[in-house]
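Just so you know, all these numbers are worked out from the coordinates, no wet-lab data involved. Everything numeric here is computed off the predicted structure, so don't read it as measured data. Positions of Cβ are generated from backbone atoms using ideal geometry, with glycine treated the same way; all protein chains shown enter the neighbour counts.
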Amino acid sequence: MEWLSVIVQGTLLGGLYALFAVGLSLTFGIMRLVNIGHGDLIILAAFIALVVVQALGIHPLASLAIVVPAMFALGYLLQRGVLNRTLGESILPPLLVTFGLSVIIENLLLQLFGADTRRLHVGALETDSLVLPGGIAVGLFPLLIFAVAVAVIAALQLLFYRTDLGRAFRATSDDAVTAELMGADNRHLYALAMAIALAVTGVAGVFLAIRSNFDPAIGPSRLIFAFEAVIIGGLGSLWGTLAGAVILGVAQSIGSALRPEWQILAGDITFLVILVLRPNGLFQRTRD
Amino acid sequence: MLAGSANRRSVLRALAAGGLGAVAAPAILSRPVRAAGRPIKLGFVSPETGPIAAFGEADAFVLAGLKDVLAAGVTIDGVQHPVTIIRKDSQSNPNRAAEVTAELINSDKVDIVLGSSTSDTTVPVADQCELNGVPCICTDTPWQAWFFGRKGDPKKGFEWTSHFFWGVEAITAVFTNLWLSLDTNKRVGALWSNDPDGAALSDAQHGFPPAVKARGFDLVDLGFYPIMSDDFSAQINAFKQAKVDIVTGVFVPPAFATFWTQAAQQGFHPKIATPAKALLFPSAVEALGDRGVGLSTEVWWSPHHPFKSGLTGQTAQQFCDAYTKSTGRQWTQPIGFKHAIVEVAMDALRRTRKIDDPASIQAAIRETDYSSIVGPINLKKGPVPGVATTPLVGGQWKRGSKFKYELNIVNDQTAAFIPLDSKFEPIAS
């Protein structure tokens, strides 16, 4: 029963990682753009939520109504104004530019908000839990995060496979040159993809801000798990990203139950083993 | 011919110089007799950005408050020297700390280097100074991490580097004093961050485990967790099964926030939680909300400590009030030590005989027996050569009147001259 509890908690942790990873999975899948600033963009969203909550006195979850559109707009402008110029044969320029973006965001937030550690409060929802048969306590908020991750991925899946925009995204992802010849405006499509990715990042930021403390410097540590989840799941597959995140969460949880210092190690080893056995991840959908 | 012309010129120059000298002489005589010497430079390395930037947040305030004192400087051998401070940001990164220290030594040619805030800063700063033969004073790192972390020999100590702060022996005494003052089942659950601080405090010989057992507690030691862990449910489960009443260990604030939230979700309610390092700053407690009330912590310094600055005459209370007035923020523990490190340097400079001889400055530092804003600092006594200890007491976060949450001193068995603010209470559940 104890191991069941470990697996349940690990799965919920996977929900958090999935929420961090979806934005990265989108940009990576569609544009092959590795966004090193992804973790810092999550923290930026958390700070926008903080400002909104403090200024309007609304419930932190209600701040999503402002944070998500704001991040969507930021994503469009960022891709159109900056990142599109870096895309090309080499993957190095976007890496360097997003690395610079990461440094800029972190220090800008430090200048504006100081080094204080912050949090958004949602009262009892933070600590309430359900007790499953067998005495496994499941936090309501982690459960909510998992549900949101699944909902976000389901919505994106619909967008990708049931709409014209989705078809255009997939076409561009498979063969950017041919898609352009068929009349797709890649610059606009890429900007929309980044906008959607950052909208999801906005959701992740708000939930992170409620789940735990955040401060301007905490972003980069969120990047590595998101990245591992994307790779485990396979390029271009959103359900794969969720599966990857859950595998990572459960692996960490089991490692941690054996010995606390094995938590990250167990996740990293699982990642490496999968990388060796299936270099393209478990559920790859797009071609390299 | 050439020689003659040179002679004529030098004669003219001598005449001109003499004439000017004669005109200027009365002006010199009317001034104070003190001649102005070269400025003395202090290098100040501290984390102002990066993950531990909260420690360096008050640097600008502290140094601004000392502007006049520094400009007046010190008089050594009848010559007045103004003192300037060159601030360098360690960016919370040990490599960067070493780099800026080397810059201070090689390019800025500073006379003393001051390093503060966590072993990630003080260890590389001190190592650079030891290597280059430059006097160095450090603080705000438990002394064992600074001394043994650099492979110090307790018999000899270091030649160029000195340190003042509390140590592992003090924090174990404070924590166990706190726990013994309440009625519990004496079972302690511990988790340590996988970093130098966690390693020092969990050390099987000098850390918590032997000290806790010696005072009759049962220790459930779960070992090291990764610093940025997002999940503690397995550990919380283990604590619950072992029925621990007391939780301790070393936590960075985000990790403790995650731990404490999950503990509530899992229905784990210990009577006492005393995490080291996690609750130093009011912002960390505000982030926990009302669940931060009742948590206990180590207190290095507070406005109620009965000490005052030897440089400005301000009491600890006045200094904290000035900080709040100038920044609108609640006081934090590091600010006293940031002031004190400059105090110690200035005191040593006043006793220095030859300012251009680093060995003379170093000798003066090692003779330090000074009363600072954080208490007496005596570098002659040890625990080990070149290290002075400052008092440590036990505190508990409670609801406040001036600020939302305030740190109360609740146990002073280790330093009875520090007044108590209130009584230690179990966490309300």
### Task
Scan B:Asp183, B:Asp221, B:Asp197, B:Asp203 and give me the residue that is of a type in the set (D, E, K, R), assigned to a strand (DSSP E or B) and closer than 25 Å to B:Asn411 by Cα.
B:Asp221
### Query
Do we find that A:Ser5 is in contact (Cβ under 8 Å) with a residue 60 or more places away in the chain, hydroxyl-bearing (Ser, Thr, Tyr) and crowded, with 24+ Cβ neighbours inside 10 Å in this structure?
no
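Please determine, by comparing only the residues of region A:95-125 that are more than 22 Å from A:Asp40 (Cα to Cα) and either more than 9 Å from chain B (Cβ to nearest Cβ) or in contact with a Leu (Cβ under 9 Å, 6 or more places away or on another chain) (or both), which one is surrounded by the fewest Cβ atoms within 10 Å (Cβ to Cβ). Outline the logic, then answer.
So the first thing to find is which residues in region A:95-125 are more than 22 Å from A:Asp40 (Cα to Cα), and the list is A:122-125.
From what's left, either more than 9 Å from chain B (Cβ to nearest Cβ) or in contact with a Leu (Cβ under 9 Å, 6 or more places away or on another chain) (or both): A:122, A:124-125.
Working: A:Val122: 18, A:Ala124: 8, A:Leu125: 15.
Filtering first and then ranking leaves A:Ala124.
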#### Entry: Residue in region B:256-296 that is nearest to the other protein chains (Cβ to nearest Cβ), counting only those that are buried (at least 24 other Cβ atoms within 10 Å of the Cβ) and hydroxyl-bearing (Ser, Thr, Tyr)
B:Thr261
### Query
What is the residue count in region B:306-348 for residues that are under 18 Å from B:Phe44 (Cβ atoms) and basic (Lys, Arg)?
1
### Query
Pick from B:Thr184, B:Thr161: which is surrounded by fewer than 21 Cβ atoms within 10 Å (Cβ to Cβ) and polar (S, T, N, Q)?
B:Thr184
### Where B:Ala242 falls short, out of the listed (1) in contact with a helix residue (DSSP H, G or I) (Cβ under 8 Å, 6 or more places away or on another chain); (2) surrounded by fewer than 18 Cβ atoms within 10 Å (Cβ to Cβ); (3) within 14 Å of chain A (Cβ to nearest Cβ); (4) more than 19 Å from A:Gly255 (Cα to Cα)
(1)
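A:Ala49 - would you say it is in contact (Cβ under 8 Å) with a residue 40 or more places away in the chain and either surrounded by fewer than 23 Cβ atoms within 10 Å (Cβ to Cβ) or under 14 Å from A:Ala199 (Cβ atoms) (or both)? Let's see the steps before the verdict.
Numbers: in contact (Cβ under 8 Å) with a residue 40 or more places away in the chain: yes; either surrounded by fewer than 23 Cβ atoms within 10 Å (Cβ to Cβ) or under 14 Å from A:Ala199 (Cβ atoms) (or both): yes.
For A:Ala49, the condition - in contact (Cβ under 8 Å) with a residue 40 or more places away in the chain and either surrounded by fewer than 23 Cβ atoms within 10 Å (Cβ to Cβ) or under 14 Å from A:Ala199 (Cβ atoms) (or both) - is met.
Against the definition (farther than 30 Å from B:Pro51 by Cβ and assigned to a helix (DSSP H, G or I)), how does A:Leu223 come out, yes or no?
no
Got at least one residue in region A:191-198 being within 30 Å of A:Thr163 (Cα to Cα), within 14 Å of another protein chain (Cβ to nearest Cβ) and in a helix (DSSP H, G or I)?
Taking region A:191-198 as the starting set, the residues that turn out to be within 30 Å of A:Thr163 (Cα to Cα) are A:191-198.
If we keep only those that are within 14 Å of another protein chain (Cβ to nearest Cβ) too, we end up with none.
No, the conditions are met nowhere in region A:191-198.
Check B:Thr141, B:Thr172 and return the single one that is within 26 Å of the chain's Cα centre (by Cα), part of a helix (DSSP H, G or I) and crowded, with 18+ Cβ neighbours inside 10 Å. Let's see the steps before the verdict.
Numbers: B:Thr141 fails: part of a helix (DSSP H, G or I).
Sole residue among the options that is within 26 Å of the chain's Cα centre (by Cα), part of a helix (DSSP H, G or I) and crowded, with 18+ Cβ neighbours inside 10 Å: B:Thr172.
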### Query
Does B:Pro391 count as part of a loop (DSSP other than H, G, I, E, B), surrounded by fewer than 17 Cβ atoms within 10 Å (Cβ to Cβ) and not acidic (Asp, Glu)?
no
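Yes/no matrix, rows are residues, columns are (1) among the aromatic types (Phe, Trp, Tyr); (2) free of Cβ contacts under 8 Å to residues at least 40 places away in the same chain:
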position: B:Gly157; (1), (2): no, no
position: B:Phe165; (1), (2): yes, no
position: B:Val174; (1), (2): no, no
position: B:Ala190; (1), (2): no, no
position: B:Asn194; (1), (2): no, yes
position: B:Pro209; (1), (2): no, yes
position: B:Lys213; (1), (2): no, yes
position: B:Lys240; (1), (2): no, yes
position: B:Val244; (1), (2): no, no
